Structures are given as structure tokens and as C-alpha cells.
Amino acid sequence: MAAAVGHAGKRTAIGTGNGVWPSIRVEPETLPAPGDAVEDLETPVLVVDLDRMEANIRFVQAYCERLGVRNRIHIKTHKIPQIAARQVAAGAAGITVQKLGEAEVFAASGLGFEDIFLPYNLLGAAKLRRLCAFLERYPGIELSLTCDSAVVAEGLSTVTRKTGRNLKVWVECDAGLGRAGVTQPRQALDLAGIIEQLPGLTFGGLMSFTADAEPSVAFMTAALAVFRGAGRPAPEVTMGGTRQLRWVEQVPGVTEHRPGTYVFHDRQTVLQGGWSFDDCAGTVRTTVVSRPTAERGILDAGSKAITPETMGLDGLLGHIVEYPEARLYRLSEEHGYADFSAYLESERPQVGDVLAVVPNHICTTVNMYDWIVGARNGHVEVVWPVAARGRVR
């Protein structure tokens with residue numbers, strides 16, 4: 001029996017899972033319906049402009065095709081199988097997921113995702129059991145993985161012996177981000193050799209994600225030279241990131257790119273990636289619920305509706321579409337704090353006005369919603385469950 005220490009040191013039961021906890025019925029939330037006016041939606045709500053989203057999908061697909069690299073879209077931005085299916089139909093080579101839980105959701109969707117790349121170290125008994133179950137349940141799906149150590153590669157090899165499935169494994173490279181990945185090109189060659197010697201594994205190539213072009217160019221140039229010096233063919237190279245699309249052609253040997261944010265865009269891709277707020281398909285609609293001072297407006301979207309990440313920008317927390325000079329400077333859990341002092345009093349929003357906010361980081365913002373709305377010409381066209389929301393394992 002689970003217990004806690006009560007008054008005077010006594011232990012009191014707090015729940016056993018067999019009736020101690022009361023059963024509470026939760027009524028399902030009423031969802032918007034197709035045809036509803038966006039301006040009438042209850043806030044806060046995340047709305048996707050479908051015309052902009054579809055234009056983003058077409059543009060990036062054409063861009064990758066022009067560069068001659070595969071477009072392997074990253075679904076961690078939206079976590080919605082229906083959107084990924086639209087991206088694949090437009091020509092994407094496959095999907096990228098960040099966690100095994102996302103792969104499970106997309107495989108189970110029945111929408112035909114047959115080529116899935118999971119660029120994250122999987123290790124530990126629990127993860128490897130789930131990986132075995134995934135491979136056994138979905139024999140028609142090609143699942144590729146990454147590693148940056150022999151420990152991870154050896155664990156993946158044990159899975160192939162249990163399932164009879166071979167796995168393509170890429171070497172993750174730290175090309176300047178300072179996160180996971182081998183830090184020296186020679187380490188990449190050595191780990192590739194280990195992968196090839198382990199039963200059931202095939203070396204796929206080099207994988208990286210970095211913030212800047214210069215270190216990525218330097219790392220991949222050196223890595224390709226190391227492979228050539230060892231008498232080996234140049235490995236395939238997969239890179240990632242929407243902002244990185246600007247300079248992917250500068251990096252030698254790139255055969256594939258993994259953009260995610262481009263499908264919706266956000267304030268970061270505008271300020272650091274050269275895109276426009278007119279490209280931003282995803283916005284959080286929020287109501288001004290208070291005007292306590294002449295300059296300050298309080299919104300009903302706080303850190304549970306808009307990401308509090310500053311993303312290395314200017315310290316602000318989003319772009320208010322209708323008031324681009326306003327400053328969204330603070331988020332508490334249920335409140336957003338906006339400074340409208342850049343506008344005349346007669347121009348400032350009033351209590352009850354609804355505003356649209358482009359968040360700094362759309363990926364983590366989407367992950368806070370059970371569902372989001374797809375709209376066209378000011379009316380609801382579709383409501384998508386965020387199917388892989390919270391799949392952090």
C-alpha cells in the first residue's frame with residue numbers, strides 16, 4: 001500500500017489503485033467544427049493557416065529537389081500523422097522521429113510510413129525491449145537508427161539477434177553544437193568500423209545537426225577526407241534543421257536533409273533563418289483579458305499555451321501579429337504580459353480583443369495542445385489530434 005507520513009508521525013494511506021482513489025468522469029472537450037469562424041474560437045487555441053502550410057511544404061520540397069538532396073521531414077514539429085502524410089505525398093523521402101514513442105504512433109497510424117529514421121541513442125533494457133516489439137510488429141517498416149558509441153551499437157546488435165531484423169545505423173557527429181555525437185572525424189570512421197563488425201548492423205552514414213555552417217563544413221570536409229584516406233567510399237551524410245536549409249549546399253557530401261519547423265515556421269526561423277512572418281502558418285490565438293495599466297495588456301495564453309523559450313533571440317517571447325512593435329515580455333502559467341507602449345493609446349487593444357501570437361519555438365508550443373485547428377479563409381477546415389504529444393520516451 002502506498003503511504004505518506006501524516007500528523008504526529010502517523011502513516012496514512014494515499015492510494016492503492018484498488019478503489020481508494022475516487023473515480024472521476026471527465027466529459028470530452030467540445031471541439032471546433034468544420035465551418036466555424038476562426039474569430040469565434042475559444043482561446044487560447046493554436047490555429048494553422050492551411051494555405052501557408054501547404055505553400056511551405058511545396059517550397060521546401062522543391063528546394064531540396066533543386067539541390068539534389070532527399071527531404072526527410074522531421075515530424076517533431078507537428079507530431080500529427082495526417083500532416084506528415086501530406087508532406088510525404090509532396091515528395092518527402094521518409095520521416096524523422098526523435099523518440100521511439102513517436103515512431104510507435106506514426107507506425108500505428110496506418111498512413112503508410114514505411115521509412116522512419118530515429119536519430120537518437122537508444123539504450124537500456126526497457127528501450128531495447130520496445131525496439132524489439134516495434135520491429136516484430138512492423139516488419140514492413142524500415143527503421144534506421146544512430147549511435148555515437150560502441151555501447152549503443154552493441155545494444156542495437158542484440159536486438160537484431162532477437163528479432164532477425166537487420167538495422168541500418170548512422171554515426172551521430174557533433175559538428176559544433178556541443179550536444180551528442182562523436183567529436184572527431186577519426187572517431188566517426190572507427191565507429192563505422194565497429195558497426196560493420198557487429199551482427200545484424202549496416203553502417204548508414206554520418207548524421208549531424210548543428211547551428212552554424214562553418215563548423216559543419218569543416219567537420220564534414222575532414223570526415224570525408226578521413227574516409228577517403230582509409231580507402232573507403234564517401235559515406236552518405238544527413239543533416240537537419242529548417243534554418244540550416246540556407247547553407248546545406250555548402251556542406252560537402254550531403255545527401256539528405258531533415259527539416260521540421262518549416263511546415264509551420266516560428267519567430268526563430270524568421271529572425272535567424274531568413275524567412276518572413278508571412279510564412280508563419282501556426283499562431284496561438286489569445287484574448288486580452290485585462291488592461292491593468294495604459295501600457296500593459298494581459299493575455300489568456302501563458303507558459304502552458306506558448307513556449308517560454310527565448311531561443312537565443314532578444315528576450316521576447318513571441319511576435320504579436322496585429323501589433324508587431326508590441327513586446328511580449330513575460331509568461332506566467334496562465335497569463336501573457338504584453339507592453340503596447342509603442343502605440344498610441346487609441347491604437348492599443350481593448351479587453352476582449354483577440355490577437356495572434358507567433359511563438360519563438362513552434363515545436364514545443366504544439367506539444368502543449370491536445371488538438372490544433374487547420375483553417376482556410378478564416379474558417380475551420382480540420383481539427384487534428386496531436387497524436388504523438390508527450391511521447392518523450
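Which residues, taken from segment 259-289, are of a type in the set (S, T, N, Q), over 23 Å from Arg86 (Cα atoms) and touching a Lys or Arg at 6+ places or on another chain (Cβ under 8 Å)? Across segment 259-289, the qualifying residues are Gln268, Gln272.
From the list Gln350, Gln272, the lone residue that is surrounded by fewer than 19 Cβ atoms within 10 Å (Cβ to Cβ), not in a helix (DSSP H, G or I) and not assigned by TED's automatic domain parsing to the domain that holds Gly94 is Gln350. So which of Asp190, Asp174, Asp148 is acidic (Asp, Glu), more than 21 Å from His74 (Cβ to Cβ) and at pLDDT 95 or above? After ruling out the rest, the residue left standing is Asp190. Check whether at least one residue in segment 235-254 is outside any loop (DSSP other than H, G, I, E, B), buried (at least 22 other Cβ atoms within 10 Å of the Cβ) and of a type in the set (Lys, Arg), and report yes or no. No; the residues of segment 235-254 include none that is outside any loop (DSSP other than H, G, I, E, B), buried (at least 22 other Cβ atoms within 10 Å of the Cβ) and of a type in the set (Lys, Arg).
Only residues that are under 15 Å from Val284 (Cβ atoms) and of a type in the set (Gly, Ala, Ser): list them for segment 298-329, please. Within segment 298-329, Ala301, Gly302, Ser303, Ala305, Gly318, Ala326 qualify.
Can you tell me which residues in segment 280-292 are buried (at least 21 other Cβ atoms within 10 Å of the Cβ) and of a type in the set (D, E, K, R)? Of everything in segment 280-292, just one residue is buried (at least 21 other Cβ atoms within 10 Å of the Cβ) and of a type in the set (D, E, K, R), namely Arg285. Would you call Gly176 assigned to a loop (DSSP other than H, G, I, E, B) and not acidic (Asp, Glu)? It is true that Gly176 is assigned to a loop (DSSP other than H, G, I, E, B) and not acidic (Asp, Glu).
Hey, among the residues in segment 135-157 that are in contact with a Pro (Cβ under 9 Å, 6 or more places away or on another chain) and free of Cβ contacts under 8 Å to residues at least 60 places away in the same chain, which one's farthest from Asn121 (Cα to Cα)? This residue is Ser157.
Every test in (1) acidic (Asp, Glu); (2) assigned to a helix (DSSP H, G or I); (3) closer than 22 Å to Lys79 by Cα is passed by Asp278 save one, and that test is (3).
Residues of segment 336-347 that are part of a loop (DSSP other than H, G, I, E, B) and not small (Gly, Ala, Ser): Phe340, Tyr343, Leu344.
The residue pairs whose first member lies in segment 363-378 and is buried (at least 17 other Cβ atoms within 10 Å of the Cβ), whose second member is at pLDDT below 95 and in a loop (DSSP other than H, G, I, E, B), and whose beta carbons are closer than 6 Å, counting only pairs six or more residues apart or on different chains, do not exist in this structure. Considering (1) in a helix (DSSP H, G or I); (2) surrounded by 17 or more Cβ atoms within 10 Å (Cβ to Cβ); (3) basic (Lys, Arg), the lone condition that Arg165 does not fulfil carries the number (1). Screening Ala338, Ala301, Ala305, Ala326 for residues that are more than 18 Å from the chain's Cα centre (by Cα), buried (at least 17 other Cβ atoms within 10 Å of the Cβ) and under 26 Å from Ile75 (Cβ atoms) leaves exactly one candidate, Ala301. Would you confirm whether or not segment 62-74 contains a residue that is touching a residue at least 60 places away in the same chain (Cβ under 8 Å) and closer than 18 Å to Trp371 by Cα? Within segment 62-74 (the criterion being touching a residue at least 60 places away in the same chain (Cβ under 8 Å) and closer than 18 Å to Trp371 by Cα), the answer is no, since none of the residues qualifies.
The values are calculated or read from the model by the stated rules, or taken from the named source; none is laboratory data. Fair warning: this is a prediction, and the values are worked out from it, not measured in the lab. Here the Cβ is made from the backbone with ideal geometry for all residues, glycine too, and neighbour counts use every protein chain on show.
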